[in-house]
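I have placed the structure first, in the form of structure tokens, so that the comments after it can refer back to it.
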Amino acid sequence: MTTMTTQSLPKRSEVPVHLTWDLTPVYASEADWEKDFAHVESLTAGLSAYKGRMRRSGRLLLEAIKVEEEISKILSRLGTYAHLMGDVDTADSHYQALNGRVRDLGTKVSKAGSFMTPEILSIKPERLAKFIERTPGLQAYRHQLEELQRERDHVRTPEIEELLAEAGQTYGGASNIFGMFNNADLKLPEIADENGAMVRITNGNWGAKWLDNPNRDARKRAYEAMFGTYMSFRNSLAAMYSAQVKVDIFRARARNYPSCRNMALDGINVPESVYDALISTVHANKDKLNRYLRLRQRLMGLDKLAWYDLYVPLVGELEYKITYEEAKEKVLKAVAPLGEEYVRVLRDGYNARWVDVVENEGKRSGAYSSGTYGTPPYMLLNWQDSMESMFTLAHESGHSMHSHRSRSTQPYHYSGYTLFVAEVASTLNEALLAHYLLSETNDKAVKRYILNQQMERIRQTLVRQTLFAEFEMIAHAEAEAGKPLTPDRLCAIHKELNIKYYGDVVEFDDLIGIEWARIPHFYRSFYVYQYATGISAAMSLARQIIAQGKPAVERYLKFLASGSSDYSIDLLKGAGVDLTTPAPIQEAFDSFAEYLDQFEALSE
């Protein structure tokens with residue numbers, strides 16, 4: 001008779017301090033946070049003094065820009081503290097309130113400064129050029145001001161800009177509701193694992209505990225429980241996502257963009273042809289995906305694959321357990337090709353508690369890198385003692401080192417980087433980790449596991465995220481055409497796309513249709529395609545670093561330090577990859593085929 005036990009997560013207060021992040025570099029106390037909050041309110045009240053005066057001289061233009069920049073810098077710090085504190089216990093109403101106050105203050109700031117862009121654009125280009133040339137300090141903002149000129153057709157009158165700023169407080173509503181539902185209110189069921197123990201499904205253990213589980217019955221139970229739970233909320237979830245899409249449509253039309261997708265890509269100066277080429281190139285390489293899926297089907301001894309069979313490692317009974325401390329050392333060795341300084345800074349960051357490591361009750365699911373100018377680049381994890389968690393650590397470390405170098409090198413206004421390049425540094429670190437792990441072991445089973453992980457990384461990041469990108473494109477296009485995004489229609493779109501991408505080998509039931517409802521990135525519209533372009537760029541750059549050494553490393557480190565000082569497409573070209581062509585996407589699939597060749601050879 002099997003003994004039934006329930007495993008529970010620790011409360012936040014029970015997590016060892018060394019496994020939590022240290023937020024005192026952001027604010028030593030909440031009283032300091034309140035002082036900065038009041039300071040931003042004071043600065044914001046004074047911003048209106050520049051209304052109607054910026055066009056008079058370069059000096060007044062520079063003054064206004066610097067005041068607005070100081071407000072933005074402090075506001076970002078306020079928001080960073082509030083969201084980091086809130087994310088480790090999403091049910092804590094105190095930090096929900098702080099986040100709400102920051103959002104409201106951000107709306108006031110946006111409204112107060114809404115006159116600036118229209119007024120700058122009212123300055124004739126030749127006069128603005130003279131301001132830049134003749135005003136000491138204004139030259140540092142040249143690219144930023146030139147970028148503003150590119151957006152001229154989408155900037156409205158001061159009165160409309162003020163109204164749009166006021167409306168801005170509603171833009172994140174759907175995302176906030178989904179976040180609270182998904183992280184704080186939703187209780188996933190307990191089910192029996194492969195040993196008969198009752199274990200609650202969580203977003204944190206969903207991958208390592210359930211999708212990677214070698215027991216097919218356990219995987220199926222988890223799939224039916226997880227997706228069945230979301231399906232039971234399909235009406236509310238469809239209303240949330242439909243509200244997000246309607247906000248996107250409102251914003252696009254208010255700013256004279258032909259479509260939501262055009263607005264999202266034009267904002268970072270990426271041609272829509274990049275998006276289209278991504279989808280078409282993924283479709284064109286379906287033969288490589290099918291070859292891999294048929295190998296998976298054969299090795300698993302199945303007549304037909306189901307969705308819940310796509311993630312389990314293909315290495316039999318091999319178990320790879322690794323502690324957080326062990327994983328840190330492997331990641332540091334893996335990124336050694338990037339130089340001693342890179343390794344030193346990252347090691348120091350680990351020791352300085354940049355990372356919030358383990359899952360606890362109410363903690364936000366998943367993983368991310370965050371922070372702002374003048375703070376450490378913090379990382380949130382939900383550690384599971386698995387190879388997957390080690391790759392997540394490498395991934396978020398890449399983000400954080402990109403942020404650290406950009407913020408340390410660039411002035412505030414260029415210290416950030418666009419979403420288009422955001423996944424390059426993170427995915428490159430994963431590629432270097434895979435290279436290191438393959439080189440350090442002679443164990444064929446481990447090699448096969450790593451090769452399978454790399455193939456899965458390409459499938460999940462390049463193929464799956466492109467599927468999601470196509471879902472977003474279709475859903476937005478239908479809504480723009482006036483068609484309602486009902487739960488049945490959203491589920492139908494998602495199921496049809498899964499059949500289109502995987503249907504030659506994988507058999508789908510109706511539950512797969514609800515997968516869209518648990519993807520938080522859909523509330524950051526037209527974001528996910530950048531995972532796919534990012535992994536393609538990262539794999540190319542990683543190969544260059546391994547093959548060429550110092551010249552490629554220098555190009556890459558320069559890219560990491562460039563922030564947003566130039567257009568993202570051009571920064572990547574300088575690093576050594578051109579995403580205006582389909583070549584990097586095809587190169588990623590070629591690498592996928594090479595991994596598959598090696599895996600098959602080791603499996604014979």
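When you scan region 221-255, how many residues do you find that are of a type in the set (Lys, Arg) and crowded, with 16+ Cβ neighbours inside 10 Å? Can you show your working first?
Initially, region 221-255 is screened for residues of a type in the set (Lys, Arg), giving 221, 234, 246, 251, 253, 255.
Among the residues that remain, those that are also crowded, with 16+ Cβ neighbours inside 10 Å are: 221, 234, 251, 255.
Final tally of qualifying residues: 4.
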Study note, to complete from the structure: Of 276, 303, 287, the only residue that is without any contact (Cβ under 8 Å) to a residue 40 or more places away in the chain and part of a loop (DSSP other than H, G, I, E, B) is 303
Practice item. For residue 370, indicate whether it is over 12 Å from residue 21 (Cα atoms) and either crowded, with 20+ Cβ neighbours inside 10 Å or small (Gly, Ala, Ser) (or both). Key: no
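Touching a strand residue (DSSP E or B) at 6+ places or on another chain (Cβ under 8 Å) and in a helix (DSSP H, G or I), is that true of residue 265?
For residue 265, the condition - touching a strand residue (DSSP E or B) at 6+ places or on another chain (Cβ under 8 Å) and in a helix (DSSP H, G or I) - is not met.
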Review point. Has region 479-500 got any residue that is surrounded by fewer than 18 Cβ atoms within 10 Å (Cβ to Cβ), among the acidic types (Asp, Glu), closer than 30 Å to residue 150 by Cα and at pLDDT 95 or above?
Key: yes
Check your understanding: Of the residues 14, 30, which is touching a residue at least 60 places away in the same chain (Cβ under 8 Å) and either over 26 Å from residue 159 (Cβ atoms) or exposed (fewer than 13 other Cβ atoms within 10 Å of the Cβ) (or both)?
Key -> 14
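Please specify each residue of region 84-95 satisfying the condition of being part of a helix (DSSP H, G or I) and surrounded by fewer than 17 Cβ atoms within 10 Å (Cβ to Cβ). Break it down stepwise before answering.
Residues of region 84-95 that are part of a helix (DSSP H, G or I), as a first pass: 84-87, 93-95.
Those that are part of a helix (DSSP H, G or I) and surrounded by fewer than 17 Cβ atoms within 10 Å (Cβ to Cβ): 93, 94.
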**Study point:** Of the criteria (1) surrounded by 22 or more Cβ atoms within 10 Å (Cβ to Cβ); (2) in a helix (DSSP H, G or I); (3) touching an Asp or Glu at 6+ places or on another chain (Cβ under 9 Å), which one residue 364 fails
**Key:** (2)
Practice item. Take region 237-262 and flag every residue that is part of a helix (DSSP H, G or I) and aromatic (Phe, Trp, Tyr). Key: 241, 250
Practice item. Of the numbered conditions (1) buried (at least 16 other Cβ atoms within 10 Å of the Cβ); (2) not in a helix (DSSP H, G or I), residue 75 fails exactly one; give the number of that condition. Key: (2)
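Does residue 468 fit the bill of being of a type outside the set (Lys, Arg), more than 27 Å from residue 343 (Cβ to Cβ), part of a helix (DSSP H, G or I) and in contact with a Phe, Trp or Tyr (Cβ under 7 Å, 6 or more places away or on another chain)? First the steps, then the outcome.
Details: of a type outside the set (Lys, Arg): yes; more than 27 Å from residue 343 (Cβ to Cβ): yes; part of a helix (DSSP H, G or I): yes; in contact with a Phe, Trp or Tyr (Cβ under 7 Å, 6 or more places away or on another chain): no.
Taking the combined requirement at face value, the residue does not satisfy it.
Pick from region 186-231 the residues that are small (Gly, Ala, Ser) and within 27 Å of the chain's Cα centre (by Cα): which of them is nearest to residue 486 (Cα to Cα)?
Start the filter on region 186-231 by keeping residues that are small (Gly, Ala, Ser), which leaves 192, 196-197, 204, 207-208, 218, 222, 225, 228.
Those left that are additionally within 27 Å of the chain's Cα centre (by Cα): 204, 207-208, 222, 225, 228.
Working: 204: 29, 207: 29, 208: 32, 222: 26, 225: 23, 228: 18 Å.
It comes out as 228.
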Check your understanding: Within region 529-539, is even one residue of a type in the set (A, V, I, L, M, F, W, C) and surrounded by fewer than 23 Cβ atoms within 10 Å (Cβ to Cβ)?
Key -> no
Practice item. May I ask you to list the residues in region 106-122 that are more than 14 Å from residue 51 (Cβ to Cβ) and either crowded, with 19+ Cβ neighbours inside 10 Å or basic (Lys, Arg) (or both)? Key: 106, 108, 109, 110
Review point. In contact with a Leu (Cβ under 6 Å, 6 or more places away or on another chain) and assigned to a helix (DSSP H, G or I) - does that describe any residue in region 438-445?
Key: yes
Exercise for review: Report the residue count in region 549-559 for those that are more than 10 Å from residue 572 (Cα to Cα) and either touching a helix residue (DSSP H, G or I) at 6+ places or on another chain (Cβ under 9 Å) or of a type in the set (Lys, Arg) (or both).
Suggested key: 7
Point to revise | Matching residues in region 133-163 - criterion: being at pLDDT 95 or above and either of a type in the set (Val, Ile, Thr) or under 14 Å from residue 567 (Cβ atoms) (or both) | key: 135
Check your understanding: When only residues in region 425-455 that are of a type in the set (Val, Ile, Thr) and more than 25 Å from residue 584 (Cα to Cα) count, which is farthest from the chain's Cα centre (by Cα)?
Key -> 441
Review point. Of all the residues that make up region 393-402, how many are in contact with a Leu (Cβ under 8 Å, 6 or more places away or on another chain) and either surrounded by fewer than 23 Cβ atoms within 10 Å (Cβ to Cβ) or of a type outside the set (S, T, N, Q) (or both)?
Key: 6
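Could you please let me know if residue 211 is at pLDDT 95 or above and either within 22 Å of residue 464 (Cα to Cα) or of a type in the set (D, E, K, R) (or both)? It would help to see each step written out before you state the result.
Details: at pLDDT 95 or above: no; either within 22 Å of residue 464 (Cα to Cα) or of a type in the set (D, E, K, R) (or both): yes.
Criteria not met by residue 211.
At pLDDT 90 or above, within 30 Å of residue 314 (Cα to Cα) and out of contact with any Ser or Thr (no Cβ under 8 Å at 6 or more places or on another chain): is that true of residue 275 in this structure? Full working, then the answer.
Numbers: at pLDDT 90 or above: yes; within 30 Å of residue 314 (Cα to Cα): no; out of contact with any Ser or Thr (no Cβ under 8 Å at 6 or more places or on another chain): yes.
No: the conditions fail for residue 275.
Of the residues 457, 405, 448, which single one is over 30 Å from residue 498 (Cα atoms), buried (at least 17 other Cβ atoms within 10 Å of the Cβ) and in contact (Cβ under 8 Å) with a residue 40 or more places away in the chain? Full working, then the answer.
Numbers: 457 fails: over 30 Å from residue 498 (Cα atoms); 448 fails: over 30 Å from residue 498 (Cα atoms).
Exactly one of 457, 405, 448 is over 30 Å from residue 498 (Cα atoms), buried (at least 17 other Cβ atoms within 10 Å of the Cβ) and in contact (Cβ under 8 Å) with a residue 40 or more places away in the chain, namely 405.
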Exercise for review: Determine whether region 34-48 contains at least one residue that is crowded, with 16+ Cβ neighbours inside 10 Å and basic (Lys, Arg).
Suggested key: no
Study note, to complete from the structure: Exactly one of 305, 265, 289 is buried (at least 18 other Cβ atoms within 10 Å of the Cβ), closer than 14 Å to residue 452 by Cα and aliphatic (A, V, I, L, M), and that one is 289
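Pick from 100, 79, 86: which is closer than 28 Å to residue 382 by Cβ, touching an Asp or Glu at 6+ places or on another chain (Cβ under 7 Å) and of a type in the set (Gly, Ala, Ser)?
Details: 100 fails: touching an Asp or Glu at 6+ places or on another chain (Cβ under 7 Å); 79 fails: touching an Asp or Glu at 6+ places or on another chain (Cβ under 7 Å).
Being closer than 28 Å to residue 382 by Cβ, touching an Asp or Glu at 6+ places or on another chain (Cβ under 7 Å) and of a type in the set (Gly, Ala, Ser) holds for just one of 100, 79, 86, which is 86.
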Exercise for review: Quickly run through region 49-72 and pick out the residues that are under 35 Å from the mean Cα position of the chain (by Cα), buried (at least 19 other Cβ atoms within 10 Å of the Cβ), of a type in the set (A, V, I, L, M) and closer than 21 Å to residue 123 by Cβ.
Suggested key: 61, 62, 64, 65
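The values are calculated or read from the model by the stated rules, or taken from the named source; none is laboratory data. All figures in this text were calculated on a predicted structure; none of them were measured in a lab. As a convention, Cβ positions derive from the backbone with ideal geometry for all residues, glycine included, and neighbour counts pool all protein chains shown.
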